[in-house]
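**Student:** The following block contains the structure, expressed as structure tokens.
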Amino acid sequence: MPPVFAHGRLRLYLLKLLDEAPRHGYEVIRLLEERFQGLYAPSAGTVYPRLAKLEVEGLVTHATEGGRKVYSITDAGRAELADRGGELADLELEIRDSVTELAAEIRDDVRGAAGDLRREMRAAASASATQVEDESWKAAKEDLRKARQEWKEQARRAKDESRRAREEAQQARRQAKEAQERAREEVQRIAGQLQEQFAKSGGVLGSLAGAWLGGGTQATSSAGEAAEGDAAADADWAADLVPTGDPARDLDRLLDRFRDEVRDAARDRGVTAAQVAEARGHLKAACGRLGTTFGAGS
């Protein structure tokens, strides 16, 4: 049987189970077996090392209750779940498909066994057509009845699990979409706060904003030449921030980097009233240009 979880997917599903409620390791194993209707059950050697690694990464924590470790998800773990909401929805669909495939294999096995049993019974009946039905014949019929019942039960459970997995996947997609909307609103709120802070901040805000955004009128020609040189030197500014695939989150990270660098520069070099006035003009122009940029992309 191929692996039920692709690389890294079991780690993500463990975070989902712990997000539902705190659990100890054995309970996690039991839940996984239930989700797969007994068709798959990971070993302790698979689950416990991954829980320990998640704890080292700060995504889960544990408390000891009754001599057993009870694991709980941390805020960092919930953040990773939110970031990978789409991947989690796909995982739910994969689990549903895996359950369906495993159930189909079991159904085929049961059908094959039932067919073999019927053929054997017919052969036995043909050989002893004139004899009274004995206990072995009754046992064979009972085995066939149980096999049919087991197949029906497996098929019913697989159908129920498939429906439940489909509903959970749809819910996960809705939650991922809501999380993305909340993130976008948060970015807009932070941008507004940042603009307010820029108006109240001082010092080298203007120079740094002009270099970052590539614009703004300089107070003197020498300052303008310096700004052009800074803009060219900073063409790869924040290049270390690898895109996440979520534009709203990428903008949030850029704003955080800009705010931190402006504050550091103001703290290290000092602030004057003239620099505050100059910075205000730069930031106003920058906000106008960014507003035009975002308006053109809408």
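**Student:** Points 7 angstrom from Cα along the Cβ direction at Leu241 and Arg259: gap in nanometres?
**Tutor:** The modelled label-to-label distance comes out at 1.1 nm.
**Student:** Continuing with this model, one more query. Quick one: length gained pulling Val56 to Arg78 fully straight, 0.36 nm per residue minus the C-alpha distance?
**Tutor:** Fully extending the segment from Val56 to Arg78 adds 6.4 nm.
**Student:** In terms of solvent-accessible area of protein heavy atoms at a 1.4 angstrom probe, what is the ranking of Ser162, Ser136, highest value first?
**Tutor:** From most exposed to least exposed: Ser136, Ser162.
**Student:** Label points 7 Å out from Cα along the Cβ direction at Ala273 and Phe294: separation in nm?
**Tutor:** Output for this residue pair reads 3.3 nm.
The values are calculated or read from the model by the stated rules, or taken from the named source; none is laboratory data. Being a predicted model, the structure only gives us computed values, none of them experimental. We place every Cβ from the backbone using ideal geometry, glycine too, and count neighbours over all the protein chains shown. Heads up: the accessible areas ignore ligands, DNA and RNA and are worked out on the full protein's heavy atoms, side chains in. Shrake-Rupley method; radii C 1.70, N 1.55, O 1.52, S 1.80 Å.
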